[in-house]
């Protein structure tokens, strides 16, 4: 069956494609005809969303059913493009409720024996489109499979945040908001103008990198201290726009494996456009006096994550010094980037967190900005003071 386009010009997130296959499979299990495209209910949206489907069929004499959809994330750069999504359903005995979601091959888990890694939106969109098909007193067991999920996950930062075995079923809305697209930049610039133009704006802003940075900022209480703005990959233009908008203090908060690009002068951070993270890590490790043999080992690593683990394993103290130097380099490079476009008094601080989402390293300005918010640096499981001599 040939797949048609969705009615969304932006493309749709993984949870929507999973929900389309899940509803089609469940309808077949109930002895009903499935439709393509599927009409899905999206939480918070008045009108249903039309989502195409590949196919659906009963299995084992109708005791089970399988449906397949194919991800279309829209015109942007996205590794999930054309990803096949298989959803198999059957009835089971109710144990914890009316719906049991089983992570199959290629689905990310929170640790090797952990639960399915899925966002709240993913669970809500599934519930919204399956609840009416499940009779009272019955439980629908739904297994989701991404045949290429394990392979594709190796090209993401999932492992850095404890997600193993495949792709996480994440997404906070139906439409894809590409972090590399001009539309995403426009949305961020509009949000920045709204923040800076507010009557009660204090002049300080935290620019968070990605969903993990946003989540950590809320956990730390930064949202209670000053506005937060989630950035995509357009860090450079947002730095300039922040200075132009009159921001006095800007804190960059992000995962160390992402912000390291800024330390190398890379200010559009999408992996399709530029990487160079291992080379930046190696260069700063050399500046900090690490041995040439270790630096060669870092450059030979297959991924940034494996390089981080290698560095930490060899010498944890030196590793901390390298990352503190990287945080300082992020600040220096950011200031240099701003000077290309004008003269402003905005201070740029950097704060980096690790794979356990612990705030670990800052530049000098980042330390000062965090101190103004009453925050310290997390080190070896305890709150620790800041040691400028390590800079």
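Quick notes
- Structural descriptor for the chain: relative contact order 12 percent, calculated from alpha carbon pairs under 8 angstrom and at least 6 residues apart.
- Rounded tilt (10° steps) of 316-339 against the dominant C-alpha axis of the chain: 80
- Taking segment 182-386 and dividing mean pair separation by its residue count, relative contact order in percent (alpha carbons under 8 Å, at least six apart): 21
- Neighbour counting of Cβ atoms within 10 Å sorts the residues 255, 341, fewest neighbours leading, into 341, 255.
- Most mobile of 353, 201, 267 in a GNM of the chain (Cα contacts under 10 Å): 201
- Sequence of 320, 82 once ranked by neighbouring C-beta atoms within 10 Å, starting from the fewest: 82, 320
- Bins of 10 Å from zero: percent of alpha-carbon pairs in the chain: 5, 21, 28, 22, 15, 8, 1, 0
- Distance (nanometres) between label positions extended 7 Å along Cα→Cβ at residue 299 and residue 79: 2.5
- Distance between the modelled labels on residue 30 and residue 91, one decimal in nanometres: 1.3 nm (7 Å Cα→Cβ projection).
- The angle separating the long axis of helix 182-196 from the principal Cα axis of greatest extent in the chain is about 60 degrees.
- The fraction of Cα-Cα pairs per 5 angstrom bin, counted from 0 for segment 281-384, comes to 2, 12, 20, 21, 17, 14, 9, 4, 1 percent, rounded to whole percents.
- Distance distribution note for segment 14-167: the fraction of Cα pairs above 24 angstrom is 31%.
- Value of relative contact order over segment 315-375, rounded to a whole percent, pairs C-alpha under 8 Å and six or more apart: 33
- Computed extension gain for residue 275 through residue 124, at 0.36 nm per residue and net of the alpha carbon distance, reaches 50.8 nm.
- Tail fraction, Cα-Cα pairs, segment 182-386, threshold 25 Å, whole percent: 34
- Shape metrics for segment 171-268, restricted to C-alpha atoms - Rg then Dmax, Å: 13.0, 37
None of the figures in this text is laboratory data; all of them are computed from the coordinates on show. None of these values were measured; they are calculated from a predicted model. Cβ sites come from the backbone with ideal geometry, for glycine too, and all protein chains shown count toward neighbours.
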